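Each remark here refers to the structure printed beneath this line.
Laboratory data are not the source of any read-out in this text; all were calculated from the coordinates shown. Note that this is a predicted model, so its numbers are computed, not measured. Glycine gets a Cβ as well: all are built from the backbone with ideal geometry, and neighbour counts include every protein chain shown.
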Amino acid sequence: MTDSSATHDAAVTDRTILTGSAYSTEHDLAARQSLYQWQTPRYDLPGLVVQQLEHTRGTVADIGCGNGKFINRVRQERPDLRLLGLDVSLGILSGVPGPVAVADAAGLPLRSASIDASLALHMLYHVEDIPAAVDELSRVTAEGGVVIASTNSNRDKAELDRLWERAAGDVLGIEKGPSRISLSARFSLEKAPTLLGEAFSRIETIELPGTIVVSEPGPVIAHMASYRAWAHQHDVPFEETIERARGILQAHIDRHGTFAITCLGGLLICSR
């Protein structure tokens, strides 16, 4: 591992950043989630998760439940299920309907085989010890149960990466600025099957490709600004770069009418 990748991993998994800033409230997470309103096709990700729980009875644990987006949907459509929300950040749990608990995915406070389905949705890249978290998912999920994980591809939103590099370069007075931090790189759609395969014999990957098209900069800038918790990792003045990106985006939209972003995320359905 290079020094830069080690620094990146430490920042993405830093408990102080995760609980004190990045997920102390739902604000930044909601900004990232809201960008998908402009995606075509527009996937109903909570609905897809509910579909995968069709044969589940009993208890579902949403590990790293964040602002409760998935718990709320499952509760609405499957009132027969017992739901438990776990997250490392107490702050973001404040709006999630209980029962909820603060917990680390690498050391879950649950009995072995006590859960009928476990959700780990866009969160395993934040766990310092991913193999330990995968082992915990396997341990707490009962035989015949299902684990549903999700993440993004290494190729997801490449246009935003290029926009950031151009804006950062302009701020620094160089041709191409430093890359922005990638949250999902440690547990990308490409890496996930291998990491999950250490504990699960059957893994189905459901890819969810799409294109986000916006006609004004606001949603994209809100998404980029939602990474402010990691501003110190970008080696460039963060707010200045955001504002320069806004200007570049507006000029592009004035000329072309829209700005397009290519997306690729996916679900991983795991069983033993």
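Observations on the model:
- The Cα atoms of the stretch 92-174 define a convex hull whose projected area, averaged across directions, is 8.3 nm².
- FRET efficiency for S34 and A132, using Cβ-Cβ distance with R0 set to 25 Å, rounded to 0.05: 0.20
- In whole percents, the pair-distance distribution calculated for the stretch 140-272 from its alpha-carbon pairs, binned every 10 Å from zero, is 12, 34, 28, 17, 8, 1.
- Each label was represented as a point 7 Å from its Cα along the Cα-to-Cβ direction; for R139 and A113 these points are 1.5 nm apart.
- The spacing between the stretch 90-113 and the stretch 243-268, judged by their C-alpha centroids, is 35 Å.
- Given R0 = 30 Å, the distance between the Cβ atoms of T25 and H256 translates into a calculated FRET efficiency of 0.30.
- Virtual spin-label span in nm between E204 and N154, 7 Å along Cα→Cβ: 2.7 nm
- Fully extended contour minus Cα-Cα distance, from E243 to Q51, at 0.36 nm per residue: 65.1 nm
- For a paramagnetic label modelled on H232 (point 7 Å from Cα along Cα→Cβ), amide N atoms under 20 Å away belong, within the stretch 158-180, to 178-180.
- A straight chain from S94 to I174 at 0.36 nm per residue would run longer than the Cα-Cα distance by 24.5 nm.
- Legend: P(r) of the chain from all alpha carbon pair distances, 10 Å bins from 0, whole percents, reading 7, 29, 36, 21, 8, 1.
- E190 versus S5: modelled label distance in nm, points set 7 Å from Cα along the beta carbon direction: 1.1 nm
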